[in-house]
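Asks: Take this structure, written in structure tokens, and hold onto it; I'll ask about it next.
The values are calculated or read from the model by the stated rules, or taken from the named source; none is laboratory data. Remember, predicted model here, so these are calculated numbers, not experimental data. Here the Cβ positions follow ideal geometry from the backbone for every residue, glycine too, while neighbour counts run over all protein chains shown.
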Amino acid sequence: MDNRRSTTEYVFTISGGPVCWKSTIQSIIALSTTEAEYMAVVETAKEALWLIGLVNKLSVQQGGVQLHCDNQSATYLAKNHIYYARTKHIDVRFHKIRELIASGEIVLQKIGTEENAADMVTKPVTTDKFKHYLNLLNVYSC
Amino acid sequence: MIQIGYKSCEYDCCVYVKSLDDSSFIFLLLYVDDMLIAAKNLDDVVGLKALLSQEFDMKDLGDAKKFLGMEIRRNRSSKKLWLSQQSYVEKVLDRFGMSNAKPVSTPLANHFKLSSNQCPKTDKEVVDMAEVPYASAVGYLMYAMVCTRPDLAYAVSQVSKYMSKPGRQHWEAVKWIFRYLRGTVGHDIVFGN
């Protein structure tokens, strides 16, 4: 709240359990929600690239990484190579994601907020929601 | 390691890999003085252990139960694996005198409106806060977060913003996280279906 920056966060899961996660303040100020989400998607894709390399080295075979994003306009922006007046200012380096999607290394999908477990790491959420997200991530006592 | 045919993985230099005759792999994970060996075939693991103990003085702890403070439990029949840090969290709570705190259900509640305005301004406040082990508490939380507790990620990122000049409110938030941990010491990450 101090400096108007948004929070990027992501969680990667393998066979149901989370293996890699991060919650951090973005390094630059986003002018719109779409831009903030878009930057988060790109940040996540960068981490995904490294993980793909590592997983392949460990000789685990899998298809393209499925990336879920709960923002419709950010997913469209990543898939559609069109310039709009409102998004033309977004730095070119963030469009790396388009290349990754085109090559099939990353599959970007829109999901509902209630299915997006990473939601709990961007803001304080209510107890019920929090427990729901923890179950999604397979984090619980047993 | 290199001499006996292992390759350091270029994505993570702590991992050494060697491919075996039956097209499976043997992995060796090394972190300072902790070591994990994984292979499909137990004989390969035993062979590597024998080879290593010729070179170094080392202790064989059998099946992996603990690695870098993380407890590993597995159930082979149901193909599940649990990772937790129960004893680490207990130790930290004990250290900060929070072992008997009242548990809460979320890591950061909505009523904490943390901002840099709450940093100490008067000399009295600065002296007051100097006695609080803020940085070390956040450090302990951060280790738990990095290893097995993704649920703490947001809360820890919020409190660690004020590491250089923590105020009373920020310390309250840290204590809240400890209370959350109190209620959730037994949380593990579960891998497998």
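Asks: Please enumerate the residues belonging to region A:102-132 that are over 14 Å from A:TRP21 (Cα atoms) and assigned to a helix (DSSP H, G or I).
Replies: Answer for region A:102-132, where residues must be over 14 Å from A:TRP21 (Cα atoms) and assigned to a helix (DSSP H, G or I): A:ALA102, A:THR113, A:GLU114, A:GLU115, A:THR127, A:ASP128, A:LYS129, A:PHE130, A:LYS131, A:HIS132.
Asks: Continuing with the same structure: For region B:91-119, which positions are in a helix (DSSP H, G or I), at pLDDT 85 or above and surrounded by 15 or more Cβ atoms within 10 Å (Cβ to Cβ)?
Replies: The answer is B:VAL92, B:LEU93.
Asks: Taking only region B:139-168 into account, find how many residues are in a loop (DSSP other than H, G, I, E, B) and within 21 Å of A:GLY17 (Cα to Cα).
Replies: Number satisfying all stated conditions: 2.
Asks: Take B:TYR88 and tell me if it is surrounded by 17 or more Cβ atoms within 10 Å (Cβ to Cβ), under 25 Å from the mean Cα position of the chain (by Cα) and of a type outside the set (S, T, N, Q).
Replies: yes
Asks: What about A:ALA78, is it within 14 Å of chain B (Cβ to nearest Cβ) and under 21 Å from A:ILE101 (Cα atoms)?
Replies: no
Asks: Could you please find all residues in region B:1-28 being β-branched (Val, Ile, Thr), surrounded by 14 or more Cβ atoms within 10 Å (Cβ to Cβ) and closer than 20 Å to B:SER53 by Cβ?
Replies: B:ILE26
Asks: Which ones in region A:101-128 are touching a residue at least 24 places away in the same chain (Cβ under 8 Å) and over 14 Å from the mean Cα position of the chain (by Cα)?
Replies: Residues satisfying the conditions are A:GLY104, A:GLU105, A:LYS123.
Asks: From the list B:MET129, B:MET142, which residue is in the same structural domain as B:GLU90 (by TED's automatic domain parsing) and modelled with pLDDT of 90 or more?
Replies: After ruling out the rest, the residue left standing is B:MET142.
Asks: While we're here: Identify, please: which residue in region B:90-129 is hydroxyl-bearing (Ser, Thr, Tyr) and touching a residue at least 12 places away in the same chain (Cβ under 8 Å) and is, among those, nearest to B:PRO166 (Cα to Cα)?
Replies: Taking the candidates together, the pick is B:SER116.
Asks: Given the criteria farther than 26 Å from A:ALA30 by Cα, surrounded by 15 or more Cβ atoms within 10 Å (Cβ to Cβ), among the polar types (S, T, N, Q) and within 14 Å of chain B (Cβ to nearest Cβ), does A:ASN138 qualify?
Replies: Criteria met by A:ASN138.
Asks: Mind telling me which of the residues A:GLU99, A:GLU37 ends up being touching a Cys at 6+ places or on another chain (Cβ under 9 Å), more than 14 Å from chain B (Cβ to nearest Cβ) and part of a helix (DSSP H, G or I)?
Replies: The match here is A:GLU37.
Asks: Going by the conditions given, is A:ILE101 closer than 29 Å to B:SER8 by Cα and touching a Leu at 6+ places or on another chain (Cβ under 7 Å)?
Replies: For A:ILE101, the condition - closer than 29 Å to B:SER8 by Cα and touching a Leu at 6+ places or on another chain (Cβ under 7 Å) - is not met.
Asks: Residues in region A:24-47: is at least one among the polar types (S, T, N, Q), more than 22 Å from B:GLN158 (Cα to Cα) and within 13 Å of the chain's Cα centre (by Cα)?
Replies: yes
Asks: Additional query: Looking at region B:169-188, which of the residues that are assigned to a helix (DSSP H, G or I) and either out of contact with any helix residue (DSSP H, G or I) (no Cβ under 7 Å at 6 or more places or on another chain) or at pLDDT below 85 (or both) is farthest from B:SER136 (Cα to Cα)?
Replies: B:GLY183
Asks: Could you list all residues from region B:29-62 that are exposed (fewer than 13 other Cβ atoms within 10 Å of the Cβ) and in contact with a helix residue (DSSP H, G or I) (Cβ under 7 Å, 6 or more places away or on another chain)?
Replies: Result: B:MET58, B:ASP60.
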